[in-house]
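Some notes on the structure that comes next.
None of the figures in this text is laboratory data; all of them are computed from the coordinates on show. Worth saying up front: this structure is predicted, and the values here are computed from it rather than measured. Cβ placement follows ideal geometry from the backbone for every residue including glycine, while neighbour counts extend to all protein chains displayed.
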Amino acid sequence: MKDDELFQLSARLGAALKEKGKFITCAESCTGGWIAKTITDTSGSAGWFDRGFVTYGNQAKSDMLGVKASTLEHHGAVSDPVVLEMAQGALAAAGADYAVAVSGIAGPDGGTIEKPVGTVWFGFAARHRAPFSQLMHFDGGRDDVRRQAVHFALKTLLDTFF
């Protein structure tokens, strides 16, 4: 997968958002702002993207997105409950219509038997709709995992909401 594929997904997402007059936000951990970068690489993205959140550490997830300390403590940052709270927190903090949250283990370190390298949780939220999450397992090195995560996030937003 190449960056031009990511750009094409972002352009399609932007066109759909612009047509509906809607805004999107993102809350990123393992992707480190790559989703926001891909979105803002699209000309005119200010018309459908105002802000995103890079919440790499647990404290940032709590401070910026309202993720509960108890959720982080009981489930870990790479978990279903955390990405759901991240997505809902980003949606509220940004005043957006749609949100995607990503938390995972891109490697090469940090993996465990329960959560190996390549484990990535995604949370999706939209106004007036129940949030949902998805677990994915990606292969490859750090950049490969992160690039696949960005691709999955953008494609899922398009397929689900548009």
**Fill in**
Going through 20/115; 22/61; 68/115 one by one, the pairs whose alpha carbons sit over 32 Å apart turn out to be 20/115
**Estimated vicinal HN-Hα couplings, Hz - the stretch 146-153 in sequence order (Karplus 6.51, -1.76, 1.60; Gly, Pro = x)** = 5, 5, 5, 5, 4, 4, 4, 4
**Message:** Please list 3J(HN,Hα) in residue order for the stretch 14-22, calculated via the Karplus relation 6.51 cos²θ - 1.76 cosθ + 1.60 where θ = phi - 60°; whole Hz, with x for glycine and proline.
**Reply:** x, 4, 5, 5, 4, 4, 8, x, 10
**Loop-located GluC sites (Glu not before Pro) in the stretch 28-129 whose Cβ has at most 15 other Cβ within 10 Å (DSSP)** = 114
**Asked** Tally Lys and Arg at +1 and Asp and Glu at -1 over the other residues with C-beta under 12 Å from the C-beta of residue 107: what net charge comes out?
**Response** -1
**Request:** For the stretch 9-29 and the stretch 36-99, compute the distance between their C-alpha centroids and round to whole Å.
**Result:** 15
**Request:** Taking DSSP loops as anything outside H, G, I, E and B, show the longest stretch in the chain free of trypsin sites (Lys or Arg not before Pro) there with at most 15 other beta carbons within 10 Å.
**Result:** 69-126
**Asked** Most mobile of 109, 97, 50 per a Gaussian network model of the chain (Cα springs, under 10 Å)?
**Response** 109
**Asked** Under a no-solvent Debye model with one identical scatterer per Cα of the chain, what's log10 I(q)/I(0) at q = 0.10, 0.15 Å⁻¹?
**Response** -0.31, -0.71
**Asked** Using a Gaussian network model of the chain with C-alpha springs under 10 Å, which one of 25, 112, 71 is most mobile by mean-square fluctuation?
**Response** 112
**Complete:** Mean-square fluctuation maximum in Gaussian network of the chain, Cα pairs under 10 Å, restricted to 113, 39, 105, hits 113
**Estimated vicinal HN-Hα couplings, Hz - the stretch 84-100 in sequence order (Karplus 6.51, -1.76, 1.60; Gly, Pro = x)** = 5, 5, 4, 5, 5, x, 5, 4, 5, 5, 8, x, 8, 9, 9, 9, 10
**Item:** 5 angstrom amide H check on residue 27, placed H, neighbours 5+ away
**Value:** 53, 100, 101, 102
